[in-house]
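Read-outs throughout are calculated quantities, based only on the coordinates presented, and are distinct from any laboratory measurement. Being a predicted model, the structure only gives us computed values, none of them experimental. With ideal geometry, Cβ positions are generated from the backbone for all residues, glycine too; neighbour counts draw on all protein chains shown.
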Amino acid sequence: MSADYDCIIVGAGAGRTIVAALLAEAGKRVLLVERGREMSYARDGRRDHLRNQRLSSHGHNAGPDVDGNPRVFVAQDGTEHIVRPHEPGYHNNAAAVGSGTVVYGAQAWRFLPDDFRMASRYGVPQGSSLTDWPIGYADLAPFYEQAEQQIGAAGDSLGNRQQGPRGADYPMPPVAQHHSAATLQRGAAALGMNSFTPPLLINTIPHAGRAACIGCGSCVGFPCPSNAKNGTQNTMLPRALATGNCELLPNTMVTSIDTDASGKVTGVTLLADEDGTPQRRGVTADAVVVSGGAIESARLLLLSRSARHPDGLGNANGQVGRHLQGHYYPSIYGWFDQDVHDDDGPGVTIATTDFNHGNDGIIGGGMLADDFIMLPAIFRKTALPPDLPRWGQPAKDFMRDGYRRVLSIKGPVHEIPSPDARVSLDSRVTDRFGLPVARLSGTTHPETVQTARFMFERARDWMTASGATRVWGREPGLQLSAGQHQAGTCRMGDRPEASVTDQWGRVWGHDNLFVCDASLHPTNGGFNPVLTIMALAFRNGAHLASQL
């Protein structure tokens, strides 16, 4: 490892690895630091139905380590709970090289034009922090295309009637429809809904030197056996390393962003286990990019305190860590009197965007789709009717008969951010290195619950119209939802009083400190946000390369 770099990037996930590749290909010397390990199917591909990133209550497979990485979760009644990474309330992101892109479902949605101007379209609900983005769809459209082409997306360019303008087709055809799609398609047609095959970052044909999807049925929660799931770990990271200008440092924690006496960012302090002993060292750079995910990025900025920055970097106006959001996932399950399900993956093959906007009395909306193939253990945990015993013969009968006769419709809801949903530092609990851990508190805004309940009913309508003879689900309520697609804690904007960074992810007051992950999102859309994270990284990474 060199002593000095043009840029240090903290985190090796969806956005940051793209920035590393762009900088390295521009001739910049880059250090990419990741607290997690490198994963591969050969080493980590064991199909553990109980311990994986999709069902983590018994342990997980993509980090962070269960021991030594707690958080504090403040429940709605004000009680505090110390939670470990696999427990409810932790709001975990994978901690590995590639982060969630190693184990995600790879849905590749563009946000809609109105997703960037929510406050202008709907007004600002009292008590919320709803705002417009400092950029619009047109600013990001060419970078959406770049992400689709260079990471590798498969989709139906014409099927989605609600999408923004496109400059090119997807580079690969959409995935083959799941057996359940024909059933749900009949229901959509009966309701007059537009339905189509959703876009996925998955090879449907051999692409970029890697094989096509083999339909293994265990897409979410595991590395891909055919390397057909396109994440940054198998697309942009190899490009970055091939230049010789990028060094990857896994299994290493960044404990602080360092500054000099004038407050200028000079580099980072690293902490890594070497032969069981934590070793600390400082590394300097001309610029630092923070990309640890919405919770850990906010935590690192808050940890980076000094005499000039007693409340952490970028936090002069108290905005770091606020507006934490994710996605509600209202879900409906339906029983059919015939088999409607098969095990060919990945499983998400029909969707509608008819309800993302334009719903009477509702702010925003969301996308609805069928689900990925569920492991039996996940089916038992999430899909059983509420009045069914969880033990004994009735539960066994339902598992045997219901697994092939139950379908699910669900989707992410456009959340209304709240300034009280936040990440702060806990004053009592520390991690294995003695650093204060993230403290998660607050909820989303009540308008989010109203939108989620509206989408819950639209999912029920669709399931019923598709022929389900029994329908059930859990009605949404007020909660902190950043366990799915966390965002918002370092939001970008036009004014430092109400945001943490400018439109390029540059932290206000610091010319050489940047953020590049979903914590930049002022709002998080009614879609899975990973393609937006990637598009922002292509846009902001190119800008940074031109500045260094």
Roughly what angle does helix 530-547 make with the longest principal axis of the chain, taking Cα atoms, 0 to 90 degrees, to the nearest 10? 20 degrees
May I ask which residue of Trp391, Leu435, Pro346 lies farthest towards the positive end of the charge dipole of the range 4-547, with charges of +1 (Lys, Arg) and -1 (Asp, Glu) on Cβ and the Cα centre as origin? Trp391
Placing one identical point scatterer on every Cα of the range 420-463 and ignoring solvent, what is log10 I(q)/I(0) from the Debye formula at q = 0.16, 0.28 Å⁻¹? -0.60, -0.92
In whole Å, what is the distance between the alpha-carbon centres of the range 190-257 and the range 65-82? 31 Å
Tally Lys/Arg at +1 and Asp/Glu at -1 over every other residue whose Cβ is under 11 Å from the Cβ of Arg404; what's the total? -2
Mind checking the dipole of the chain: about its Cα centre, +1 per Lys or Arg Cβ, -1 per Asp or Glu Cβ, Debye to the nearest 20? 540 debye
Could you state the number of Å between the C-alpha centres of the range 422-449 and the range 521-544? 24 Å
Where a label projected 7 Å from the Cα of Tyr403 along Cα→Cβ would reach, residues of the range 205-238 with amide N under 19 Å: 215-222
For helix 137-147, report the angle its Cα long axis makes with the longest principal axis of the Cα atoms of the chain; keep it between 0 and 90° and round to the nearest 10°. 90 degrees
Helix axis angle, 179-191 relative to the chain longest principal axis, alpha carbon, degrees: 80 degrees
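Let me know the volume per residue of the alpha-carbon convex hull for the range 4-547, in Å³. Before the final figure, lay out each step's value.
Values: hull volume 77.8 nm³, N = 544.
Per-residue hull volume (Cα only) is 143 Å³.
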Return the lysines within reach of Lys381: Cα separation strictly under 21 angstrom, same-chain partners fewer than 8 residues apart disregarded; answer none if there are no such residues. Lys396, Lys410
When DSSP assigns beta bridges and you keep just the ones with both residues in the range 4-547, what percent turn out antiparallel, to the nearest 5? 65 percent
Specify the inter-centroid distance of the range 114-167 and the range 330-387, based on alpha-carbon positions, in whole Å. 23 Å
extent check for the range 457-529: Cα max minus min per principal axis, descending, whole Å, gives 60, 22, 18
Residue-normalised 222 nm signal for the chain, counting each DSSP H run of n ≥ 4 as -39,500 (n - 2.57), nearest 500 deg cm²/dmol, is -6500 deg cm²/dmol
